[in-house]
Amino acid sequence: MSSGAATIRRAAVTDPTHRTESASQSRIRTVGAGKRYGDFQVFRDVDLEVGAREVVALVGPSGCGKTTLLRCIDGLLPISDGEILIEGARVTEPRAGVAMVFQHFGLFPWKTVFDNVAYGLRLAGAAKADIAEKVPHFINMVGLKGFEKVYPYQMSGGMQQRCGLARALAVEPKVLLMDEPFAAVDAQTREILQLELLSIWEMRPTTMLFVTHSIEEAVLMGDRVVVLKGRPSTVHEVIEVDLPHPRTRETLTLPRFAELREIVWNTLKDEARQAEFELEKGR
Amino acid sequence: MATGESWRIRYLPPAISLIAGAALWQWVGSQTSAAFLSTFSATVARLVALTVSGEVVTALAESMTLFFTGLVIAILIAVPLGVMLARFRVLRVASETYIMMLYATPMAALIPFILSLMGFGFTPKVVVVVLFAMFPILYNTIEGARSVKPELIEVARSYRSSEWGLWRDVLIPYTLPFALTGIRQGIGRGLVGMIAAEFYLSASGIGRLITVSERDFDTAGVLASIIIISILGAALMAVGRRLENHFAAWRGLGR
């Protein structure tokens, strides 16, 4: 019990700093953002702000457009209404300093782990020496040391996503967009990856927008959980996650964690598609 | 021993079948007039004689120059064109009918036309080889490049890739194994084109060797020349398959 108390105490000290910093400047800002495909409105009037050292988890029923919103923020898709700003600049195309981690990993099967991780750096025109130094560093960080020359098809899904994560981290982004990054890996691997991502984030906190299907994951990762709901969907609720940092495995055992999980669940449960959610109450 | 076993399965049946084939040939040849079919031993003897005299080497050098010039040009045209047609839908839709028609057309039918247009010489022969070899390469490249996963293109866009970068990092590496399947088929077709060009346009190389032997009623010489082409074709196909497997290793089929 004493170790748990220590975590909370330490977090109580770090947390306020964390908050004020994130409030002072917003890295991602969407103002009345809407997306239409012809007559079909995916989402509308989305107002969202994510601070510099803030993690916002985006949840919502399948088909609510949370992945579409993320793609719009990355500049892969144009929005139909409103605006999306990153560091105050309007997003019209993919921007430097923003990196996305994909649900489908998006690794190039003909490139080794090393070359996949180096991809973003090479496109950004990084010097050879820079690549030689940074790539092993990030491969190390995600726990893939020794796998530099391995091809994606020789690795498990979890390892592939580690590689995808290293590729995104390697460009040292100011904004990290996570598109259900752990949805395609098994439950145990997911938990390990979540905790490792948290500890990496603690080492170098950045802005992170995390789209997920899993309520547990949203509460564990997020400083806030934004719930998208409705047809067309919009921001239905924003839940402050007042759990202490650093978030670790112990966080999962806190009573407050369970409470918050219930709160998020309750905002979503009246939705007809609740069956599609993974509450994973059994844990 | 497992290795002994696999060795026996690997090499023994083909060896026996080759010996049996040669024996059959020898027997049928000995029963027939030498003007129609020479025996196996006579053919081999002629092959050795042609090789020793240097005629085979000269003919092969001529034919291979023609063949590889044509094949390389076909690859250089068909692979970039194929990726481009796959990438830009308008171009593909506009040219699809022509490509399908030309792919289906027996290219030999075009030889008289090429002759009247370009006359004799090296260039029209190269054109024939290109026409024969190009379409399977083009067709397979288009099919391959069209199947590039949109997710990977999205990754490239997300990392701010230029159009050239997209070709270099995604489209070409993805399409390469498909293009090589086409190239392997193109090798077979290109050899047909090579012989056809050497028959019907200015006689040269192996084609000329066959024509001359036939004119002299040298059946053994004809058959010896055909054997040379057969061995050559099989060897080139094997090289093609090797390359294909090498570049397709990432598909996870290599292991």
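In the context of the full set of protein chains, the stretch B:123-207 has a per residue accessible area of 33 Å² (1.4 Å probe). Mean per-residue shielding of peptide B:179-192 is 0, counting Cβ atoms of other chains within 10 Å of each Cβ. Residue ranking by accessible heavy-atom surface, 1.4 Å probe, largest first, among A:S156, A:S26 comes out as A:S156, A:S26. Peptide B:157-169 has a mean shielding of 5, counted as Cβ atoms of other protein chains within 10 Å of each residue's Cβ. The Stokes-Einstein estimate for chain A, based on a Kirkwood radius over Cα pairs and taken at 4 °C with 1.567 mPa s viscosity, is a diffusion coefficient of 67 µm²/s.
Mean Kyte-Doolittle of at least -1.0 and a Cα length of 24 Å or more along the axis: which whole DSSP H helices of chain B meet both? Present the calculation step by step, with values, prior to reporting the outcome.
Values: long enough: B:2-31 (44 Å, 0.24); B:55-87 (48 Å, 1.78); B:122-146 (35 Å, 1.19); B:172-200 (39 Å, 0.73); B:219-247 (42 Å, 1.28).
Membrane-span-like by this criterion, though nothing is claimed about a membrane: B:2-31, B:55-87, B:122-146, B:172-200, B:219-247.
Counting every pair of alpha carbons in the stretch B:54-171, the share spaced more than 24 Å apart comes to 42 percent.
Just by accessible area at a 1.4 angstrom probe, what is the order of A:R167, A:R122 from largest to smallest? List each step's numbers first, then the result.
Working: A:R167 0, A:R122 115 Å².
So, going from the largest accessible area down, we get A:R122, A:R167.
With a 1.4 angstrom probe, the accessible area lost at the A-B interface totals about 2000 Å².
Only the Cβ atoms of Lys and Arg (+1) and of Asp and Glu (-1) were treated as charged; on that basis the dipole of the protein assembly as shown about its Cα centre amounts to roughly 740 debye.
Counted as membrane-span-like here are DSSP H helices of chain A whose alpha-carbon atoms extend 15 Å or more along the helix's own axis and whose Kyte-Doolittle mean is -0.5 or above; these are A:113-123, A:128-141, A:157-170, A:187-203, A:255-269. Taken over the C-alpha atoms, chain B has Rg and Dmax values of 22.5, 74 angstrom.
Give me the percent of accessible area attributable to carbon and sulfur for the protein assembly as shown, probe 1.4 angstrom. Walk me through the intermediate numbers first.
Numbers: 15980 of 25830 Å².
Here it works out to 62 percent.
Backbone amide hydrogens, once placed in the peptide plane, bring A:T207 within less than 5 Å of A:E54, A:L176, excluding anything fewer than 5 places away on its chain. Computed with a 1.4 Å probe on the full set of protein chains, the accessible area for A:F182 sits at about 10 Å². In this structure, the amide hydrogen of A:V185, modeled 1.01 Å from its nitrogen in the peptide plane, lies closer than 5 angstrom to no residue at least 5 positions away or on a different chain. Ellipticity at 222 nm from helices only: DSSP H runs of n ≥ 4 in chain A, each -39500 (n - 2.57), divided by the residue count, give -12500 deg cm²/dmol.
Per the Debye calculation on the protein assembly as shown with a single equal scatterer at every Cα and no solvent contribution, log₁₀ I(q)/I(0) for q = 0.08, 0.12, 0.13 Å⁻¹ amounts to -0.70, -1.11, -1.24.
When Rg and Dmax are taken over the Cα atoms of the stretch B:131-233, they come to 21.0, 69 Å. Structure note, pairs A:K134/A:K229; A:K35/A:K145; A:K35/A:K174: Cα-Cα distances above 32 angstrom occur for A:K134/A:K229; A:K35/A:K145.
Before rounding to the nearest 500, sum -39500 (n - 2.57) across all DSSP H runs of length at least 4 in chain B and divide by the residue total; then give [θ] at 222 nm in deg cm²/dmol.
-28000 deg cm²/dmol
Once you divide the Cα radius of gyration of the stretch B:165-206 by 2.2 N^0.38 Å, the number left is 1.76. Packing here is the average count of other Cβ atoms within 10 Å per residue, and on that basis the peptides B:135-143, A:77-85, B:168-176, highest first, run B:135-143, B:168-176, A:77-85.
Please average, across the residues of A:142-153, the number of beta carbons from any other chain that are within 10 Å of each residue's own beta carbon, and give a whole number. Mind showing how you got there, number by number?
Details: counts 0, 0, 0, 0, 0, 0, 0, 0, 0, 6, 2, 7.
Mean partner-chain Cβ count within 10 Å for A:142-153: 1.
In order along the stretch A:42-55, the Karplus-derived 3J(HN,Hα) couplings, from 6.51 cos²θ - 1.76 cosθ + 1.60 at θ = phi - 60°, round to 7, 9, 8, 6, 8, 10, 8, 9, 10, x, 4, 10, 10, 10 Hz, and Gly and Pro are given as x.
Find the accessible area per residue for the stretch A:105-241; the probe is 1.4 Å, ligands and nucleic acids are left out, and the unit is Å².
Numbers: 4770 Å² over 137 residues.
Averaged over the residues of the stretch A:105-241, the accessible area is 35 Å².
For a straight C-alpha distance cut-off of 13 angstrom, the aspartates and glutamates reachable from A:K111 (same-chain residues fewer than eight places away being disregarded) are A:E148, B:D169.
The values are calculated or read from the model by the stated rules, or taken from the named source; none is laboratory data. Here the structure is a predicted model, which is why all the values come from computation and not from measurement. When we count neighbours, we look across all protein chains shown, and the Cβ atoms used for this are built from the backbone with ideal geometry, even at glycine. Heads up: the accessible areas ignore ligands, DNA and RNA and are worked out on the full protein's heavy atoms, side chains in. Shrake-Rupley method; radii C 1.70, N 1.55, O 1.52, S 1.80 Å.
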